[in-house]
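**Student:** Right, I'll just put the structure down here and ask away after.
The values are calculated or read from the model by the stated rules, or taken from the named source; none is laboratory data. Just so you know, these numbers come straight off a predicted model, no measurement behind them. Note: ideal-geometry Cβ built from the backbone for every residue, glycine included; neighbour counts use all protein chains shown. Surface accessibility is based on the protein's heavy atoms, side chains included, excluding ligands, DNA and RNA. Shrake-Rupley method; radii C 1.70, N 1.55, O 1.52, S 1.80 Å.
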Amino acid sequence: MEIGEFIREKRKENRLTLKQLATKIELSYTYLSQIELGDRNASPEILEKIAKVLDVPHFDLMKKAGYVHEKEGLEKVVSEYCSLLKEIDNLDLHIRSTQTFNLDTKVMLESLKKEKEELTKESAALKQEIDSLDQEGNTKEQISILERQVEVYKKLENIELHTSQLRQRLENDKAQELAFLEHKNRLSQAIKEQKIEIEKQLEISYTNAIERIKSQN
């Protein structure tokens, strides 16, 4: 039932003419007639006056006039709450993924560190061999060792480059993880606030339901 029809029905139930109701709510006869016919909208203030005169819940008139959407209000906050829960679940996946990736990166760095230590020892040993061969004058053996030394240096250079890249990646990932955690904290706070809002909406729905039941008795 439209708001205009509802007002007309309640007016007749209260045995009031259009002019009598218009007078009681301090509104022109023409304006009220247009509201009942659906040609004009009634403001919340006018609806409040009509509600008092016709002894109907103001909320019902506000809802019929489209000013209040009780169910939609509750559905909206619940929908937003569910969206926040999904978002925080996705964020947790990103955080766990980043933490796993960081752990793998640390393992790789540790492996590179050990490889570097071994190559550094080998490089030192090769240098000693070269010094020893200098005294013996074994040129052919010296060339072979020098070639191996060059290979070791190249490997050490690659390790340094790879290590630098991994450390930079680890630093970036840690910054990203921190940003994720900060965002998660904000989402957690938003979820708490949304829970409170849902409780408020439920309380409003319950109160309005009680008022409607009382008005019908």
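**Student:** Hey, which lysines would be in cross-link range of Lys49, C-alpha to C-alpha under 23 Å, not counting anything within fewer than 8 residues on its own chain?
**Tutor:** Lys10, Lys12, Lys19, Lys24, Lys63, Lys64, Lys214
**Student:** So with the 1.4 Å probe, I'd like the accessible area per residue for the chain, rounded to whole Å².
**Tutor:** Computed with neighbouring chains in place, this is 69 Å² per residue.
**Student:** Related question: So which aspartates and glutamates pass the test for Lys86, namely a Cα distance under 14 Å, with those fewer than 8 places away in the same chain ruled out?
**Tutor:** Filter leaves no residues.
**Student:** Where the only charges are on Cβ atoms (+1 Lys, Arg; -1 Asp, Glu), what is the dipole of the chain about its Cα centre, to the nearest 20 debye?
**Tutor:** 1640
**Student:** Evaluate 2.2 N^0.38 Å with N set to the residue count of the chain, then give the Cα radius of gyration divided by it.
**Tutor:** Ratio of Cα Rg to 2.2 N^0.38 Å: 2.35.
**Student:** What range in the chain is the longest one free of trypsin sites (Lys or Arg not before Pro) that are in a loop by DSSP and have at most 15 other Cβ atoms within 10 angstrom?
**Tutor:** Free of exposed loop sites, the longest segment is 41-217.
**Student:** On to the next question. Mind checking which lysines have their C-alpha under 29 Å from Lys154, skipping anything on the same chain fewer than 8 residues away?
**Tutor:** The reachable lysines, counting only those whose Cα sits under 29 Å from Lys154, are Lys106, Lys113, Lys114, Lys116, Lys121, Lys127, Lys140.
**Student:** Determine the share of the chain's accessible area contributed by carbon and sulfur atoms, expressed in whole percent, with a 1.4 angstrom probe.
**Tutor:** 50
**Student:** Right, here's the next one. Under DSSP H, which helices of the chain have Cα atoms covering 20 Å or more of the helix axis and a Kyte-Doolittle average no less than -1.0?
**Tutor:** Span-like helices in the chain: 70-136, 139-216.
**Student:** Sequence gap at least 6, Cα distance under 8 Å: using those rules, report the relative contact order of segment 49-195 to the nearest whole percent.
**Tutor:** Reported relative contact order: 37 percent.
**Student:** Could you work out how far apart the two model spin labels at Glu13 and Asn185 are, taking each label as a point 7 Å from the Cα in the direction of the beta carbon, and quote it in nm?
**Tutor:** My value for the distance between the label points is 5.5 nm.
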